[in-house]
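This report refers to the structure that appears directly beneath it.
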Amino acid sequence: MPKTLHEIPRERPLTPLLDTAATPDQLRLLAEDQLPELAHQLRQFLLYSVGQTGGHFGAGLGVVELTIALHYVFNTPDDRLVWDVGHQAYPHKILTGRREQMTTLRQKNGLAAFPRRSESAYDTFGVGHSSTSISAALGMAIAARLQGLSRKSIAVIGDGALTAGMAFEALNHAADVSADMLVVLNDNDMSISHNVGGLSNYLAKLLSSSTYAHLRENSKKVLSRLPHAWELARKTEEHAKGMLLSGTLFEELGWNYIGPIDGHDLPTLIATLRNMRDLKGPQFLHIVTKKGKGFAPAEVDPIGYHAITKLEKPNAAPKASSGPKYSAVFGQWLCDMAAADARLVGITPAMKEGSDLIAFSEQYPERYFDVAIAEQHAVTLAAGMACDGSKPVVAIYSTFLQRAYDQLIHDVAVQNLDVLFAIDRAGLVGEDGPTHAGSFDLSYLRCIPGMLIMTPSDENELRQMLTTGHHHPGPAAVRYPRGTGPGNPISNTLDSLQIGQGELRRQGEDVAILVFGVQLSDALQAAEGLNATVANMRFVKPLDTELVLKLARSHRLLVTVEENSIMGGAGSAVSECLAAAGVNVPVLHLGLPDHYVEHAKPAQMLAECGLDADGIARAIEQRLTQS
């Protein structure tokens, strides 16, 4: 059994066995009885490296044995191993030639937070969002078949990710085309089955064995001449497995289900994977693991230890306190508005902690709906509720709302339904990189007829805009960033703003800076040295066209600032407004460039994009010298 650690190592642990297994080729040279000690050393190093950088580690601790077993049994990278989401892939990174780089994880120019094809041949598919692994692995299995190759295709998916419709679409399709592939369900919440023990481990090895497979195939050949007899035998086998195991659903979908087995039992894992490796058709292995396994605090509190921040050095000066996070401001507003309006309901696609819905879920449990990782369903559920008198608030990350774009248009906007989207993690989010950056929401929202789109510049404006969106008769969106704001006072009242009305925050000459969002404080700082006018635009749609045209007619350069893709964003709305009015004034658009911004600290990313105070001033000065 895995040895249990009680604290995160501050000094690099001694890992002599792990040092000899820097790649899967070297791992496969080890004797099988050495692997439990390898797992212990891998856990030690994982905890140490994440302590140096911060990041997710609970899921990774839970799949240490699985990761070892997969690379030990399969011929990776020729055999395609596809990880879902990526939080669980840190042990995979360590065992695939990147151990010495793990202390650069999520840092600028360092290792990515998730598997990435450009980083390693062992990263067969780039991920960040959940529930993609089965579709991707199926695509690889079909490609191998078309090319006449015998390589294997394996998808590892968690029980949470399996709640998404996309995963079931892939399961259904794989069975339809009889794909030779393996899906490993990592059930780390025991949300599907509690039936784990000696009997289920024994049955898994028996049912995955070549003897059982040959017996089954031979019986099929004999009984196929008597279709009714074969169908009866198939149903009898299926129901027998269903009584002893828990995979009837997957059997009905056309998969050969094995499990559940203990995902921390290396001998059973290896034996079962070896047996299943050579079976034809869709194979499904259900393992049960413990998130945070081997680290006592994470075993007790897997949610609290889902991720950690970087460990500070002993006796380091405490960090200066800052104001509340934007997500906390949203969470408080949700509770306050729920008290004022009994029609309000809160919906989240498995982001209760991230979107700060904890207090709301406790105070209003009957009005709180966590739909699991099912963004499309979350949006259409909200639409259905709005049809019959509820006032739904969908708390969702910008990058996750992309996954429900059709529902946003077809189910909400076309019907002009009262749904408020509280869009968290807008803009650049830092160390998670391009997959989690909310780079496009203004662009993909702005083209939808009837959308109200708001961009707060501080915490209090966020609260006001949420109230504005709640009272608006139609679809509304408020997008706000990760982290904390400038620390401005927050009102306890539930005040609304005048829709479509911006405000002048500084009067200057020649240059007018039109800010959409939290770059307002940086723009004001840049404006001091330029004596520029600064407008807090607040609304992307409807745009304050009166203010735009007034500034255009009194300044020789307009500058738009947004933490969104320049293409199709708020700056584009300003240019469209000017063109429609026939006003010819130069416009400089500052925003996110037409390439993916790699992971780094948020401040580093903003500086790289020229969206800090120095960058804004520098871009304006350069443009003025060209005039």
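The values are calculated or read from the model by the stated rules, or taken from the named source; none is laboratory data. Please read these numbers as outputs of a predicted model, since none were measured by experiment. Every residue, glycine as well, gets a Cβ built from its backbone with ideal geometry; the counts of neighbours run over all protein chains shown. With ligands, DNA and RNA removed, areas are computed over all heavy atoms of the protein, side chains included. Shrake-Rupley method; radii C 1.70, N 1.55, O 1.52, S 1.80 Å.
With angles folded into 0 to 90 degrees, how steeply does helix 227-244 sit against the dominant principal axis of the chain? Use alpha carbons for both and round to 10.
Once rounded, the angle reads 70 degrees.
Using amide H atoms built 1.01 Å from N in the peptide plane, name the residues 5+ places from residue 592, or on other chains, whose amide H lies under 5 Å from its own.
Answer set, sorted by chain and number: 564, 565, 566.
Expressed as an acute angle from 0 to 90° and rounded to the nearest 10, what is the orientation of the C-alpha long axis of helix 266-277 relative to the principal long axis of the chain?
The helix 266-277 is inclined about 90 degrees to the chain.
Given all pairs of different Cα atoms, what value in angstroms does the Kirkwood hydrodynamic radius of segment 83-126 take?
10.3 Å
Counting each pair of different Cα atoms once, what's the Kirkwood radius of segment 124-164 in Å, rounded to one decimal?
11.0 Å
Gain in length, residue 366 to residue 75, computed as 0.36 nm per residue apart minus the alpha-carbon separation, to one decimal in nm?
Extra length available between residue 366 and residue 75 comes to 99.8 nm.
Count neighbours as other Cβ atoms within 10 Å of each site's Cβ, and list the trypsin sites (Lys or Arg not before Pro) in segment 4-49 that are DSSP loop with at most 14 such neighbours.
10, 28
Rg to Rh for the chain: what is it, with Cα atoms only and Rh by Kirkwood?
Looking at the chain, the ratio lands at 1.02.
Of all the accessible heavy-atom surface of segment 552-603, with the other protein chains kept in place and a 1.4 Å probe, what percent is carbon and sulfur?
Of the solvent-accessible surface of segment 552-603, carbon and sulfur hold 57 percent.
Keeping all protein chains in place, calculate the accessible area per residue for segment 1-148 (probe 1.4 angstrom), answer in Å².
Using a 1.4 Å probe on heavy atoms only, each residue of segment 1-148 averages 36 Å².
Compare the peptides 109-115, 384-390, 85-91 by average per-residue count of other Cβ atoms within 10 angstrom and give them in order, highest first.
Per-residue Cβ counts within 10 Å, averaged per peptide and sorted highest first, yield 85-91, 109-115, 384-390.
Compute the signed sum of charges (Lys and Arg +1, Asp and Glu -1) over the other residues within less than 12 Å, Cβ to Cβ, of residue 36.
Around residue 36, the surrounding residues sum to -3.
Using mean Cβ contacts within 10 Å as the protection proxy, how do 511-518, 116-123, 30-37, 289-296 order, highest first?
Ranking the peptides 511-518, 116-123, 30-37, 289-296 by packing returns 511-518, 289-296, 116-123, 30-37.
For segment 392-540, what does the accessible surface come to per residue with a 1.4 Å probe? Please give it in Å².
Result: 31 Å² of accessible area for each residue.
What base-10 log of the normalised intensity I(q)/I(0) is obtained for segment 400-547 from the Debye formula, alpha carbons as equal point scatterers, at q = 0.09, 0.13 Å⁻¹?
After summing over all Cα pairs, the log10 values are -0.29, -0.61.
To the nearest 20 Debye, how big is the dipole of the chain about its Cα centre, given +1 on the beta carbon of each Lys and Arg and -1 on that of each Asp and Glu?
So the magnitude is around 1080 debye.
Using the basic label-point model (7 angstrom from Cα toward the beta carbon), what is the residue 625 to residue 121 distance in nanometres?
In this crude spin-label approximation the distance works out to 4.8 nm.
Would you pull out the residues with amide H under 5 Å of residue 505's amide H, same chain only if 5 or more places away, H placed 1.01 Å from N?
Under 5 Å from the amide H of residue 505 lie the amide H atoms of 534, 535, 536, each far enough along the sequence or on another chain.
Normalised radius of gyration for segment 378-450, please: alpha carbon Rg relative to 2.2 N^0.38 Å, two decimal places.
1.13
Using alpha carbons only, how many degrees (0 to 90, rounded to 10) separate the axis of helix 165-176 from the longest principal axis of the chain?
The angle comes out near 40 degrees.
State, as an integer percentage, the relative contact order of segment 531-581 based on alpha-carbon contacts under 8 Å between residues 6 or more apart.
36 percent
Kindly list the residues of segment 263-296 that lie in the label zone of residue 31, defined by a backbone N under 20 Å from the point 7 Å along the Cα-to-C-beta vector.
266-271
Heavy atoms only, probe 1.4 Å: what % of the accessible area of segment 407-545 goes to carbon and sulfur, would you let me know?
Looking at segment 407-545 in its full context, I get 46 percent from C and S.
Using the Cα gyration tensor of segment 515-627, with a ≥ b ≥ c the square roots of its eigenvalues, what is the shape: rounded (a/c below 1.5), prolate (a/b larger than b/c) or oblate (neither)?
prolate
In Å, what is the Rg of the alpha-carbon atoms in segment 321-429, and how long is Dmax?
Cα radius of gyration and Dmax of segment 321-429 are 13.3, 45 Å respectively.
With a/c under 1.5 counting as rounded, go ahead and sort segment 3-52 into rounded, prolate or oblate using the C-alpha gyration tensor (a ≥ b ≥ c being the square roots of the eigenvalues; past the cut-off, prolate if a/b is larger than b/c, else oblate).
prolate
Please pull out the direction-averaged projected area of segment 563-627, using the convex hull of its alpha-carbon atoms, in nm² to one decimal place.
Mean projected area of the Cα convex hull: 4.9 nm².
Residue 340: net charge of surrounding residues, Cβ under 14 Å, Lys/Arg +1, Asp/Glu -1, itself excluded?
So the surrounding residues net to +1.
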